[in-house]
């Protein structure tokens, strides 16, 4: 009986040590991700700042400033910023916008990277990079009212706490098919034609059926970021009735 008791004690001690080791390794991994730069500021106009997930004072952003997982990025009045992530995803934020880098990991040529971000408010544009290209399901962009699922693409939109407009744009620099899925708990739609988009009018509605967006709507969204980089605005084909 004494031997059995000692074996049980050893087993409990070993289990405790194993749990402590796993917890320590998990903390180390999370800490490494938090201290490894996720992106840098490539271009900026006006004022923008970042606040880390742990709080603390806001960091004023400049060209080449680094951003990390968990950071919240905010732009001021008449301001614009272009962020380039380690996987070459490019994010444009217009004036009075806010974005949170919720999760980010990019491991070179491996396929186990991931990218989750949240647009709190404002006009935004993104062109996906290697994470979405290698495994589209590994990238998601959330708003307060819907989540954008990626298939390797170029998107522009506007979001608030209660609504969102999301438009698929022409892919840049390549001819592969492009599409997005916009979904919330009330429904989902797939958009696979550039110049088409969806609207979520409130937090209790599904995304609207995909429709050809007015050229003026697209131009208004792009105009707020156009001084950073000019892009080709898709001109939807006219259909004869």
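If you go through the stretch 133-155 and keep only what is surrounded by fewer than 24 Cβ atoms within 10 Å (Cβ to Cβ), in contact (Cβ under 8 Å) with a residue 24 or more places away in the chain and more than 18 Å from residue 185 (Cα to Cα), you end up with 135, 138, 151, 152, 154, 155.
Every condition in (1) at pLDDT 95 or above; (2) within 24 Å of residue 47 (Cα to Cα) holds for residue 162 except the one numbered (2).
Where strands (runs of 3 or more DSSP E) fall wholly inside the stretch 31-79, the ranges with 3 or more residues that are surrounded by 12 or more Cβ atoms within 10 Å (Cβ to Cβ) are 39-45, 48-52, 72-75. Against the test of being part of a strand (DSSP E or B) and over 20 Å from residue 70 (Cα atoms), the options 145, 156, 101, 120 yield a single qualifying residue, 156. So, residue 123, is that one on the phi < 0 side of the Ramachandran plot, modelled with pLDDT of 95 or more and surrounded by 24 or more Cβ atoms within 10 Å (Cβ to Cβ) or not? Considered against the rule, which asks whether it is on the phi < 0 side of the Ramachandran plot, modelled with pLDDT of 95 or more and surrounded by 24 or more Cβ atoms within 10 Å (Cβ to Cβ), residue 123 comes out as yes.
The values are calculated or read from the model by the stated rules, or taken from the named source; none is laboratory data. Just so we're clear, the structure is a prediction, and the values are computed from it rather than from any experiment. When we count neighbours, we look across all protein chains shown, and the Cβ atoms used for this are built from the backbone with ideal geometry, even at glycine.
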